[in-house]
Amino acid sequence: MGATKVVIALGGNALQEAGTPATAEAQFEVVKKTAGYIAEISEKGYEVAIAHGNGPQVGRILLASETASSVTPAMPFDVCGAMSQGYIGYHIQQALKHELAKKGKDIPVVTLVTQVVVDKDDPGFKNPTKPIGPFYSEEEAKKIAAEKGYVMKEDAGRGWRRVVASPVPVKIVELDSVKRLWDSTIVVTVGGGGIPVIEKEDGSLEGVAAVIDKDLAAERLAEDVDADVLMILTEVEKVSINYKKPNQQDLDSITVDEAYKLIEEGHFAPGSMLPKVMAAVNFAKSKPGKKAIITSLYNAVDALEGKAGTAVTM
Ligand SMILES: Nc1ncnc2c1ncn2[C@@H]1O[C@H](COP(=O)(O)OP(=O)(O)O)[C@@H](O)[C@H]1O
Ligand SMILES: NC(=O)OP(=O)(O)O
């Protein structure tokens with residue numbers, strides 16, 4: 001039997017520490033720690049590919065570009081998405097290569113600018129849900145909405161943010177390259193869920209203004225490369241029922257059917273835990289023997305050994 005193939009989706013806390021400024025320097029410090037965990041997973045013999053979020057980063061790139069538009073033309077949304085992949089991938093490449101080298105491992109780490117096809121009629125385009133960029137007070141947010149026409153929403157009790165369309169990932173354009181690189185290289189791909197593109201009638205692609213959910217894109221990737229494990233890394237060690245209530249109960253493992261029941265009962269917050277559980281369910285039911293794990297970065301290694309996290313299986 002070959003090595004276990006793992007697609008890792010990195011959550012926000014793998015790139016930025018809560019409450020710290022979203023500077024490149026601060027991100028790199030966090031990425032160095034994150035890279036240590038990924039190097040440990042690689043050292044244990046797992047073959048990995050890395051997906052990551054980009055909500056804060058793409059929002060800030062857009063904002064910077066718009067703010068500078070009096071001196072240089074603003075970048076379109078899809079180009080900002082591509083820039084966020086390069087920016088985050090660059091940090092991961094540099095940090096992970098170093099962490100691997102410390103362990104005596106010479107494995108190439110490469111970031112693939114990755115496009116992901118979405119349906120031009122996806123209902124997500126009519127109902128923006130994906131928060132991007134910095135947080136604002138309610139007052140600031142309402143002013144921005146009135147001035148710029150942006151949709152601004154309250155984000156999980158943390159403040160107000162701009163929200164944009166988040167269509168479902170349909171097809172990874174560069175999938176063949178990921179597969180060719182897999183055996184030799186750790187590939188950072190579908191960053192920020194991938195750059196959303198639509199297919200035109202003449203077969204060409206066109207970037208669209210949206211941000212794909214990275215957990216759903218990582219799931220698409222995991223299915224497409226026939227990974228054994230989809231590992232979604234976030235802030236919490238386990239998925240809970242009655243989250244943050246006195247009767248909170250952390251889950252070690254759930255089946256797909258149990259997950260559906262808990263989703264229906266409303267245990268998972270839309271926009272945070274729900275897409276993760278949905279991605280995990282989709283992967284677990286895609287083929288017999290597939291396993292999805294939701295856990296924290298710090299428990300990633302233990303979770304792969306069945307000693308931490310919440311496992312979702314058929
Ligand atoms: N039922 C639940 N169990 C565990 N965490 C939950 C639950 N519902 C909501 N959450 C919250 O969802 C968060 C993960 O979502 P989010 O912060 O959007 O993810 P990301 O790590 O991808 O940035 C957790 O840190 C937790 O605060
Ligand atoms: N693209 C994406 O899902 O980003 P976040 O994880 O930052 O929301």
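The values are calculated or read from the model by the stated rules, or taken from the named source; none is laboratory data. All of these numbers come straight from a predicted model, not from anything done at the bench. Don't worry about glycine lacking a Cβ; one is built from the backbone with ideal geometry, like all the others, and counts go over all protein chains shown. Ligands, DNA and RNA are stripped out before the accessible areas are found, and what is left, the full protein with its side chains, is counted by its heavy atoms. Shrake-Rupley method; radii C 1.70, N 1.55, O 1.52, S 1.80 Å.
Of all the listed residues (33, 44, 105), the sole one being open to solvent by 40 Å² or more (accessible area, probe 1.4 Å), more than 16 Å from residue 188 (Cα to Cα) and within 18 Å of the chain's Cα centre (by Cα) is 33.
Between 237, 199, the distinction of being charged (D, E, K, R), away from ligand 2 (no atom under 16 Å from the Cβ), over 29 Å from residue 120 (Cβ atoms) and surrounded by fewer than 24 Cβ atoms within 10 Å (Cβ to Cβ) belongs to 237 only. Screening residue 117 with (1) open to solvent by 20 Å² or more (accessible area, probe 1.4 Å); (2) out of contact with any Ser or Thr (no Cβ under 8 Å at 6 or more places or on another chain) gives one miss only, at (1).
Of the residues making up segment 90-100, at least one is surrounded by fewer than 21 Cβ atoms within 10 Å (Cβ to Cβ) and under 21 Å from residue 211 (Cβ atoms).
From 312, 301, grab the single residue that is of a type in the set (A, V, I, L, M), at pLDDT 95 or above and not in a helix (DSSP H, G or I).
Working: 301 fails: not in a helix (DSSP H, G or I).
Within the list 312, 301, the selection yields 312.
Among the conditions (1) more than 16 Å from ligand 2 (Cβ to nearest atom); (2) under 22 Å from the mean Cα position of the chain (by Cα), the only one that residue 269 does not satisfy is (1). Is it the case that some residue within segment 169-185 is surrounded by 15 or more Cβ atoms within 10 Å (Cβ to Cβ) and within 24 Å of residue 63 (Cα to Cα)? Scanning segment 169-185 turns up no residue that is surrounded by 15 or more Cβ atoms within 10 Å (Cβ to Cβ) and within 24 Å of residue 63 (Cα to Cα).
Quick check on residue 39: is it more than 14 Å from ligand 2 (Cβ to nearest atom) and of a type in the set (Gly, Ala, Ser)? Lay out the reasoning, then the answer.
On the way: more than 14 Å from ligand 2 (Cβ to nearest atom): yes; of a type in the set (Gly, Ala, Ser): yes.
It is true that residue 39 is more than 14 Å from ligand 2 (Cβ to nearest atom) and of a type in the set (Gly, Ala, Ser).
When residue 60 is tested against (1) open to solvent by less than 30 Å² (accessible area, probe 1.4 Å); (2) closer than 20 Å to residue 131 by Cβ, exactly one condition is not met: (1).
Against the list (1) open to solvent by less than 30 Å² (accessible area, probe 1.4 Å); (2) polar (S, T, N, Q); (3) within 21 Å of residue 224 (Cα to Cα), the condition residue 84 fails is (3).
So that you can scan it fast, the table gives a plain yes or no per residue for (1) more than 16 Å from ligand 1 (Cβ to nearest atom); (2) hydroxyl-bearing (Ser, Thr, Tyr); (3) over 18 Å from residue 108 (Cβ atoms); (4) outside any helix (DSSP H, G or I):
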{"position": "8", "(1), (2), (3), (4)": "no, no, no, yes"}
{"position": "18", "(1), (2), (3), (4)": "no, no, yes, yes"}
{"position": "42", "(1), (2), (3), (4)": "yes, yes, no, no"}
{"position": "56", "(1), (2), (3), (4)": "no, no, yes, no"}
{"position": "60", "(1), (2), (3), (4)": "no, no, yes, no"}
{"position": "65", "(1), (2), (3), (4)": "yes, yes, yes, no"}
{"position": "75", "(1), (2), (3), (4)": "yes, no, yes, yes"}
{"position": "79", "(1), (2), (3), (4)": "yes, no, yes, no"}
{"position": "83", "(1), (2), (3), (4)": "yes, no, yes, no"}
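In segment 212-225, the residues that are among the charged types (D, E, K, R) reach residues that are part of a helix (DSSP H, G or I) and more than 15 Å from ligand 2 (Cβ to nearest atom) with C-beta atoms within less than 6 angstrom, at least six apart or across chains, in these pairs: 219/282; 219/283; 224/175. For segment 285-297, a residue qualifies if it is outside any helix (DSSP H, G or I) and among the aliphatic types (A, V, I, L, M), and the qualifying residues are 292, 293, 294.
Each row is one residue, and each column tells you yes or no for (1) hydroxyl-bearing (Ser, Thr, Tyr); (2) over 21 Å from residue 212 (Cα atoms); (3) open to solvent by 20 Å² or more (accessible area, probe 1.4 Å).
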site	(1), (2), (3)
247	no, yes, yes
250	no, yes, yes
256	no, yes, no
268	no, no, no
288	no, yes, yes
293	no, no, no
299	no, yes, yes
309	no, yes, no
